[in-house]
Structures are given as structure tokens and as C-alpha cells.
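Values quoted throughout were computed directly from the atomic coordinates according to the rules given, and no laboratory measurement underlies them. No experiment lies behind these values; they were computed from the predicted model shown. Cβ: placed from backbone, ideal geometry, glycine included. Neighbour counts: every protein chain shown.
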Amino acid sequence: MHIFEKRWSTALSADKKEYTQFVMRQDETVESFLQFDPERGIALQHTNGSLAGIPFGVKDNLAVDSYQLTCGSKILSGFTSPYTATAVQKLIDNGAVVVGKTNLDQFGMGSSTDTSAFKKTNNPWDTERVAGGSSGGSAAAVAAGLVPFALGTDTGGSVRQPASFCGIYGLKPTYGVVSRYGLTAYASSLDVVGVLSKTVDQSRIVFNLMKGQDERDNTSIMHPGSSNGGAVKRIGVLTAQKGVLHPDVEKSYAEAVGRLQQNGYTTREIDIETMKYVVPVYYTIATAEASANLARYTGIRYGYAAQDAKSSSDLMEESRNEGFGDEIKLRILLGTYVLRSGFQDQYYHRAQKIRTAIRNEFSRLFNEVDVILMPVFPTPPFKHGDSELTPFQQKVADKYTCAANLTGFPAISIPSSVENGLPVGVQLIAPPFEEERLFAVARVCEKDFPSPDSPLYKTSWS
Ligand code: GLN
């Protein structure tokens, strides 16, 4: 069987009108797209290939020629990209068609997609709840059946966490194996382009088409392939500390472990000593890099420009003040704080040293186990607003996902169960370049528990 249901290959040709109307109708509820404009995507497509005619969504911090590129922020509202990101171009070159740009937390900063300056994306399982973030638009679009897959980006969990909240697969590849050319930088040493999809094989195929060294991104590297053909026997299971996980997540995690054992894997409980440093180290490094990367938005060359400024410095100050949302300002302040002169050893350099220690601990563990299982997020999808999880608590909750970004190792979020009507996912992490191990285990789990259809998911356009 083809990895995409047949209807996807005719969605933009034979069924074009029905498909377009279907997406527009469904998205009134979900609000996953910032721009839905399949005609632009059709105009970019000029080849046939293994993804011929398959529609996909692209997170709006990835450049696609002639589409807007807002990063979910007012500071870039109205900006149209003059070029296409390498990862997206490779899919277009294989026949896939971009149908629109999906909503996100401003510049990828957040875990809810609620920090978008334009709209709130709703979880297709319960529209009062967030779809997760920051690639929430991409996750919700896939879970609502608007596209079979979508691209996201993952700096500290932004592909895996929304995938888990929406009941689909979310792959964060090894750092560097997919080009970052055309990805608007948040934290350059952590940013990775990833895939959200309804099945494991869809993520695998898309990843294999996207990967490869790119002369336009000097941190990109050639993927050498798996060292052991993707074989997995031993799985390290991070001990779930009592009281840290929401009961639904704890139950789902235990079920996932049971499923792995039933399928013949040897599991072993592990402790990761450096886990307690992951969040502070992540937020030190991510905000430091973000404060430098966001310095380019001045209101002078492109993007939002404040009206009636009296001088160029006023223009810069007012444009940034009016254009950036509160979360972005917080991060820039934190970033400049940790980088200020005289204090770099205390914060930034120290964080870099601990980052190395975290990476070393994971590498050591991978001498004993082939992959590591851990939760994705400690809670099920939470309600919009601060009532269930404050922005600070959301940051603390990034603990399980950030580790894979700090180490650069590949990770995947896979659906584990549905608890009280909401999906819960679990995460697998592998050594660098061992995405095949993630797919192998995910496929085994998928046989017992495939991605569950959200209440909004439909298998026809009517
Ligand atoms: N929630 C994390 C943050 O806000 C991760 C975001 C991401 O991966 N882009 O930084």
C-alpha cells in the first residue's frame, strides 16, 4: 500500500474544489493555518516524484517563495518570502505541494501556539485546549485531517510536544542532518526542521527526502546512515518520578513500557543524573542565542516599521517595542542578561559546560541501551490561557524534550493512548544518526496502537 491514502494524491487535482472547501470549513474550528493558498503551491510545483500531488503544510517560520513569512509575529506581518527553505524545496522537487503556512508561537517561543500574534490554534480533540507548540498549527492541521503531514521546527520540543498533544507522530532529526537554510533562526545551535504526520512511514519518507548536506548551511552534515541497520533490542526507560507526571500521563507511560515488553524488547529502568540541569541550561543557551538572532528586526530593512518615528534609533526602538510580543521581549531580556559583560562565565559558559556533561551522560547510556524512552510532556493538552499551566510552568515542563536538542540527538514522539478523551504521547531518543532505530520501534508500537483519529478527523471531503 502507498504510504499516503489515495485521496491525498487527487486532493489538488480531481478533488481540488472539494478539498479546498473542506479545509477552509474545518479550519474555522481548528485555526491551524495562517495562510491557506494551494494555488501558490501548485504554481511552485513543476515536477513529479514520489510525493506527486501530496499536499503539506509548512510552519510559518520556514521560508516558501511567494508565501508570507510571519513567524507568528507582528514584527514580520505582511512580509513575503522571496525564496524557499532547502528542506521545503526538496519536498517540492519530489512533487509535494505546499498548501499553506501554519500557526506557531511567535518565533517558535512557547509550548501552546497561544503566543502567536494572529490567532489561537485549537486542539482537534478539544477546542478549548491548546494544540501544543510551537508547531501547533502543523500538528492540528494533521490531526484534523487537513494535510497528511506538515513540517515543524524543534528547538526544545516544538515538534514532539504538539504531536503528543494531537495524537500524531513528531520527528526531531539529529541536529544538522536537515538544512536550516530558510528556517528563521530562534536558537541556532538547537533549531532543527522536523516532521509531523499521521503514520510512522510518512515521517520516515519525508525525513529521508529532506536530509542531506547543504552548501547554504555550514552546520549541515551528511547523514552517514545507521551504524547497525536500525536494530533495537534494549530500551532504557527513564524512571518516572512519582508525582511529577499527571496521572493520565503516568498511566499512558506505563502502558507504553508494557507494550514494548510484550513486543520482545528488553527494558531497563535508568536514571539520568543531568536531567535536573536540562531546563536551566536550555533556557540560558536558547535565550542567549535568541537575543542575538532577533537583533536583526529593526523596522528598517523589512517587516513592521513604527509610524512617525523621529530618528532611526526611535524607529528601531518603537518598531521592536510594538512588533515583538511579551514572551519575545522576556526572552531577549533573559538572553542579554546571561550574555552581559562580566557575567558570561557565570551563566552562558557554565551552561555550555553542563550541556557537554548532559551529552556525555546520554552517550554513556547509549553504550548500554539502543534507545531511551521518556515522557514527552508531564501533562495532557492544557486549556488556553494560564488557568492550567502558567508560562513559567510550561517552561519547566520542557524538561523531557529539551534534552534531545541540547545533545543534538534524534527523537520521536509517538501516540501512546487516549486518556479521558485526550491523546498522550511518549518519546524515544536515539544516538546521533540513528533515526532508523526510532522508526523501527515506533512502527512496532504503531501496529498495536496507530495514531488515533481526533473527533474532527474525516476520511472524505464531504
Ligand atoms: N517550549 C520551548 C521554548 O519555548 C521549545 C520551543 C521550540 O522547540 N521551538 O523555547
Consider all pairwise Cα distances in region 221-377 and report the whole-number % of them above 20 Å. 68 percent
Can you spot the aspartates and glutamates whose alpha carbon is less than 19 Å from Lys310's alpha carbon? Ignore those fewer than 8 places along the same chain. Glu318, Glu322
How far, in nm, would the chain grow between Asp271 and Lys251 when pulled straight, counting 0.36 nm per residue and subtracting the alpha carbon separation? 5.3 nm
For Leu34, which sequence-distant residues (separation of 5 or more, or a different chain) have an amide H within less than 5 Å of its own amide H, given hydrogens modelled in the peptide plane? Lys101, Thr102, Asn103
Calculate the translational D of region 14-84 in whole µm² s⁻¹ from Stokes-Einstein, where the hydrodynamic radius comes from the Kirkwood formula applied to all Cα pairs, the temperature is 20 °C and the viscosity 1.002 mPa s. 159 µm²/s
Measuring from label point to label point, each 7 Å out along Cα→Cβ, what is the Gln262 to His2 span in nm? 3.3 nm
Using the Cα atoms of region 39-118, I'd like the radius of gyration and the largest Cα-Cα distance, Dmax, both in angstrom. 13.0, 38
What distance in nm separates the two pseudo spin-label positions at Met24 and Glu368, each 7 Å out from Cα along the beta-carbon direction? 5.8 nm
List, in the order given, every pair from Lys90/Lys198; Lys120/Lys395; Lys90/Lys119; Lys211/Lys276 whose Cα-Cα distance in the structure shown is over 25 Å. Lys90/Lys119; Lys211/Lys276
Region 1-129 - percent relative contact order, Cα under 8 Å, separation 6 or more: 29 percent
Per DSSP, the loop-located trypsin sites (Lys or Arg not before Pro) within region 198-251 having at most 14 other beta carbons within 10 Å are Arg216, Lys233, Lys242
So for region 390-462, using the alpha carbon gyration tensor with a ≥ b ≥ c as root eigenvalues (a/c under 1.5 gives rounded; past that, a/b versus b/c decides prolate or oblate), I'd call it oblate
Give me D for region 215-284 in µm² s⁻¹, whole number, from Stokes-Einstein with Rh from the Kirkwood sum over alpha-carbon pairs, 4 °C and 1.567 mPa s. 83 µm²/s
Mind listing the phi-derived Karplus ³J(HN,Hα) values for region 416-422, rounded to whole Hz, using 6.51, -1.76 and 1.60 with θ = phi - 60°, and x for any glycine or proline? 10, 6, 10, 10, 6, x, 10
Between Asn228 and Gln213, with labels modelled 7 Å along Cα→Cβ, what's the label distance in nm to one decimal, could you check? 2.7 nm
Cross-link reach list, lysines versus Lys17, counting only Cα pairs under 20 Å and skipping chain neighbours closer than eight places: Lys6, Lys101, Lys458
Just to check I understand the Karplus step: with θ = phi - 60° and J = 6.51 cos²θ - 1.76 cosθ + 1.60, what whole-Hz values come out for region 453-459, glycine and proline as x? 6, 6, x, 8, 5, 10, 9
So how long is each side of region 99-163 along the principal axes, counting just the alpha-carbon atoms, biggest first, in Å? 25, 24, 20
Quick query: amide H of Ile270 versus all other amide H atoms, modeled in the peptide plane; which residues come in under 5 Å with a sequence gap of 5 or more or a different chain? Val237, Leu238, Thr239
One quarter of the C-alpha convex hull surface, i.e. the mean projected area of the chain in nm², amounts to 21.2 nm²
Would you mind classifying region 56-165 by shape? Square roots of the alpha carbon gyration tensor eigenvalues, ordered a ≥ b ≥ c; an a/c under 1.5 is rounded, otherwise it is prolate if a/b is larger than b/c and oblate if not. oblate
From the phi of every residue in region 308-321, what ³J(HN,Hα) in whole Hz does the Karplus formula 6.51 cos²θ - 1.76 cosθ + 1.60 yield, where θ is phi - 60° and glycine or proline is x? 6, 6, 8, 8, 5, 6, 4, 4, 5, 5, 5, 4, 5, 5
Classify region 144-190 as rounded, prolate or oblate from the Cα gyration tensor: take a ≥ b ≥ c as the square roots of its eigenvalues, call it rounded if a/c is under 1.5, otherwise prolate when a/b beats b/c and oblate if not. prolate
